[in-house]
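Enquirer: Handing you this structure, nothing more for now.
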Ligand SMILES: Cc1cc2nc3c(=O)[nH]c(=O)nc-3n(C[C@H](O)[C@H](O)[C@H](O)COP(=O)(O)OP(=O)(O)OC[C@H]3O[C@@H](n4cnc5c(N)ncnc54)[C@H](O)[C@@H]3O)c2cc1C
């Protein structure tokens, strides 16, 4: 492990001051990505700033402006808060898939987002809810739609000294359901070969989809939305044929690579299957 200084401030202003200083200063939330990256020399740091003692980053609440998830809130807490809340089912499912129980107790959803892996499990669920990233730095605050947050594998648009403060997700309507599924070659502790989050809002009197959001993991340099599939499904009466056609269109938004986990063609087929399955689960949840 390379040498670096470590600070664990208890206020956001102190953290921002530390991170804004000259040098390679790196936030740490749960450390489940960053410690491994430092150990294996994939990232370096002069100073690591632990965010886990800053109360406002540990807050999760639902209010008139939606679901607010502080950037250091653990996957376990996000799961516990969202499980049983129909509209946020995809996020509850995704946060329970990250690593193992031990990892989920330590790892944050904010860290999953800021690590910006194309395979990150919580990101598709956040994208289908049109999450907004609220950021803070010593020079001010910004609101960035999450879809614009990723600049490439492991890269975000955050600037030096800027951190993710919280994620804000609008409250879905009563007629909304969501689901997240990923495929991994074994039961746990692996990264997604492909993942799909789907959200639909359906008019119960007509079965017409009034809103569709589909997001894909592990099939592009960043997590992506399947816009063509969403556009087709919105305004369409949902049934098996519509789901089939939507899944075909979702494949068109995947630009996967071939690697040890699977070929590009295999990943595209996974997107077709997982889109169908997540939309079918959404329908079952609305019944
Ligand atoms: C055994 C194991 C299994 C795993 N399984 C999965 C899995 O199934 N699915 C999955 O998606 N991931 C998995 N991961 C990866 C990791 O656990 C997740 O990405 C986790 O959510 C990261 O959260 P963290 O709080 O530990 O982030 P950290 O490691 O603390 O930080 C991750 C990155 O984000 C930066 N960062 C953290 N917080 C902020 C902030 N507020 N503002 C700006 N930058 C910030 C850090 O500097 C670092 O670059 C696994 C990891 C391990 C070790």
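The values are calculated or read from the model by the stated rules, or taken from the named source; none is laboratory data. Please read all numbers here as calculations on a predicted model, not as lab measurements. Cβ placement follows ideal geometry from the backbone for every residue including glycine, while neighbour counts extend to all protein chains displayed.
Enquirer: Does the range 131-153 contain any residue that is within 11 Å of the chain's Cα centre (by Cα), within 14 Å of the ligand (Cβ to nearest atom) and either over 25 Å from residue 54 (Cβ atoms) or in the same structural domain as residue 195 (by TED's automatic domain parsing) (or both)?
Expert: Within the range 131-153, not a single residue is within 11 Å of the chain's Cα centre (by Cα), within 14 Å of the ligand (Cβ to nearest atom) and either over 25 Å from residue 54 (Cβ atoms) or in the same structural domain as residue 195 (by TED's automatic domain parsing) (or both).
Enquirer: To continue, here is another question. Counting just the residues of the range 251-287 that are without any contact (Cβ under 8 Å) to a residue 12 or more places away in the chain and not in a helix (DSSP H, G or I), which one comes out nearest to residue 89 (Cα to Cα)?
Expert: Checked the range 251-287; the qualifying residue nearest to residue 89 (Cα to Cα) is 287.
Enquirer: Here's another thing I want to ask about it. Answer yes or no as to whether residue 113 is outside any helix (DSSP H, G or I), within 13 Å of the ligand (Cβ to nearest atom) and closer than 27 Å to residue 151 by Cβ.
Expert: Details: outside any helix (DSSP H, G or I): no; within 13 Å of the ligand (Cβ to nearest atom): yes; closer than 27 Å to residue 151 by Cβ: yes.
Here the answer is no, as residue 113 does not meet what is asked.
Condition check ((1) within 7 Å of the ligand (Cβ to nearest atom); (2) surrounded by 23 or more Cβ atoms within 10 Å (Cβ to Cβ)) across all residues:
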position: 78; (1), (2): no, yes
position: 87; (1), (2): no, no
position: 95; (1), (2): no, yes
position: 99; (1), (2): yes, no
position: 109; (1), (2): yes, yes
position: 119; (1), (2): yes, no
position: 122; (1), (2): yes, yes
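Enquirer: Looking at the range 65-82, is at least one residue modelled with pLDDT of 95 or more, more than 16 Å from the chain's Cα centre (by Cα) and part of a loop (DSSP other than H, G, I, E, B)?
Expert: No; the residues of the range 65-82 include none that is modelled with pLDDT of 95 or more, more than 16 Å from the chain's Cα centre (by Cα) and part of a loop (DSSP other than H, G, I, E, B).
Enquirer: How many residues does the range 2-31 hold that are at positive phi and loosely packed, with under 15 Cβ neighbours inside 10 Å? Don't jump to the end; show me each part of the working.
Expert: Filtering the range 2-31 for residues at positive phi gives 23, 31.
This time we only want the ones that are loosely packed, with under 15 Cβ neighbours inside 10 Å, so: 23.
Going through the range 2-31 one residue at a time, the tally reaches 1.
Enquirer: Looking only at strands (runs of 3 or more DSSP E) that lie completely in the range 1-56, which have at least 2 residues being more than 9 Å from the ligand (Cβ to nearest atom)? Lay out the reasoning, then the answer.
Expert: On the way: elements: 5-7, 25-28, 47-50.
Result: 5-7.
Enquirer: List every residue pair whose Cβ atoms sit under 6 Å apart, with the two residues 6 or more apart in sequence or on different chains, where the first one lies in the range 121-147 and is assigned to a helix (DSSP H, G or I) and the second, anywhere, is within 10 Å of the ligand (Cβ to nearest atom).
Expert: 122/94; 122/95; 122/109; 122/112; 124/195; 124/217; 125/94; 146/133
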